[in-house]
Amino acid sequence: MPATDLDWARAYAKQALSDLDAREKLALAGAHKCHRLHFLQMAAEKVCKAHLTVINGHEKVRKTHAYVEKNLPIIARQFFTRMNDENRMSQWEVRQIEGIAGEIELLAPACDDGGTRRDNSEYPWEDGHRAVQTPCEYTFPNIDDESRTIVRLIRLIRTASESYAV
Amino acid sequence: MGVTVKRSKSETAKNLAQAHFRNEPKLKHVRLLEPLNEGDPRDPIKLLEVVEGTIERGIEPIAFPANPGLGIDYPVLIIEVSPREFQNILDNAAVLGSHGWIMGNELPAV
């Protein structure tokens, strides 16, 4: 019997949860920021793919990484509103996710904002001064991955992934 | 050459709690979870943070690495719960006990 869209969504969601587990282990072990961000980006991407697979079907989920900026805030609105009676709190949480989603997406090497953002969590790149930057030495100044927003983001990805993983 | 004195886990936890209160408008309480294990720098500081309106997910730690540049010399686990979950934890010590933790002191905002 061929795999269904729900099979694919479940698989994406399970892998997102596993990516988050890897991030936890790396954070406790003191791994470089690029590795923590890499697994966070992968988890965010996969929960978005799980969401889109449920809505649009697996065939329409293309092999691209550019899902996060648009879809993570949509997922946030859906889950924070559904699970939280206090609407003002929901809006506040969604704004936090909106603020970071674009930067999370740009961590994927394939996403460079039309060539203007080559910084990514995996491969070295040449910066605007023609110097080679290395992810494990780069500070990723646009993302504070020790902020409260990260707590919010991880809890959202876990909640959404668990709902798609069943 | 100057000598950098490492802050204790207890002092670091107080500083972290104050910083979190400044940045999280819905944060109501921060409680230290014991044991702190001051002698083991690899054992994380564990903070139970009560946030009004947060999604209720039970005891779910989120890890953060040590960051000596910011004065955080130890890894940190943040466990965020709602006020209702917090009351359940206060009423039932086994909730924390299953993780090997007990409720510690309240850490103030200032």
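All of the numbers you see were taken from the coordinates with simple rules; none came from a lab. Treat the numbers as computed from the prediction; the structure is a model and nothing was measured. When we count neighbours, we look across all protein chains shown, and the Cβ atoms used for this are built from the backbone with ideal geometry, even at glycine.
Brief remarks follow.
- Candidates A:His32, A:Pro109, B:Val30 compared by Cα position along the dipole of the protein assembly as shown: farthest toward the positive end lies A:Pro109, with charges placed on Cβ.
- Whole-angstrom gap from segment B:72-88 to segment A:93-107, using each part's C-alpha centre: 23
- Altogether, the Stokes-Einstein calculation at 25 °C and 0.890 mPa s, with the Kirkwood radius of segment B:6-57 over Cα pairs as Rh, returns a diffusion coefficient of 204 µm²/s.
- Peptide B:23-30 is shielded by partner chain Cβ atoms: per residue, an average of 2 of them sit within 10 Å of its Cβ.
- Mean per-residue shielding of peptide B:63-75 is 3, counting Cβ atoms of other chains within 10 Å of each Cβ.
- Between helix B:9-23 and chain B: long-axis angle, C-alpha atoms, 0 to 90°, nearest 10: 60
- Only Lys, Arg (+1) and Asp, Glu (-1) charged, at Cβ; chain A dipole about Cα centre in debye: 380
- Computed from the Kirkwood radius of its Cα pairs, the Stokes-Einstein diffusion coefficient for segment A:5-165 at 4 °C and 1.567 mPa s stands at 81 µm²/s.
- In order along segment B:57-71, the Karplus-derived 3J(HN,Hα) couplings, from 6.51 cos²θ - 1.76 cosθ + 1.60 at θ = phi - 60°, round to 10, x, 7, 9, x, 10, 8, 10, x, 4, 9, x, x, 9, x Hz, and Gly and Pro are given as x.
- Shielding value for B:97-110 is 0, the average number of Cβ atoms from other chains within 10 Å of each residue's Cβ.
- Debye intensity ratio in log₁₀ form over the Cα atoms of the protein assembly as shown, taken at each q of 0.09, 0.13 Å⁻¹: -0.45, -0.92
- Length-normalised contact order of chain B in % [C-alpha pairs under 8 Å, at least 6 apart]: 32
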